[in-house]
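Visitor: One structure is given below, represented as structure tokens, and several questions about it will come after.
The values are calculated or read from the model by the stated rules, or taken from the named source; none is laboratory data. Values in this document were obtained by computation on a predicted structure and should not be read as measured data. Neighbour counts are summed over all protein chains in view; Cβ atoms, including those assigned to glycine, are modelled from backbone coordinates with ideal geometry.
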Amino acid sequence: MRRRRKRTRDDMFQEILQASGASDTEHSAWRITLVDRMDRDRVDRRKAQEKERDVQREMLPLLKQQADMLETLVDLQIQCSDPCSDSMFRPMFASLCSP
């Protein structure tokens, strides 16, 4: 049996330097990967926000149109149900008011 050489402080120091060097390389690679991922996520979020803004801009006129239509329908319903409503408009809506 061969006897292994006794590890000296210099040997241990060299091993630690090598291990920490590999660790630094791995750590910097991880940091670069993380920064790239964060950049991609930021761009994706920005695109999603822009898309959401575009959708809202497209929906706003539609919602206004629907609100106007509802207001008109409510006015019509009030006119049909109120016997004292303006008699000038009553003939125009008579067909709509009858059950």
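Visitor: Go through segment 1-50 and give me each residue that's β-branched (Val, Ile, Thr) and modelled with pLDDT under 90.
Guide: Residues satisfying the conditions are Thr8, Ile16, Thr25, Ile32, Thr33, Val35.
Visitor: State whether one or more residues within segment 67-86 are in contact with a helix residue (DSSP H, G or I) (Cβ under 6 Å, 6 or more places away or on another chain), modelled with pLDDT under 80 and surrounded by 10 or more Cβ atoms within 10 Å (Cβ to Cβ).
Guide: yes
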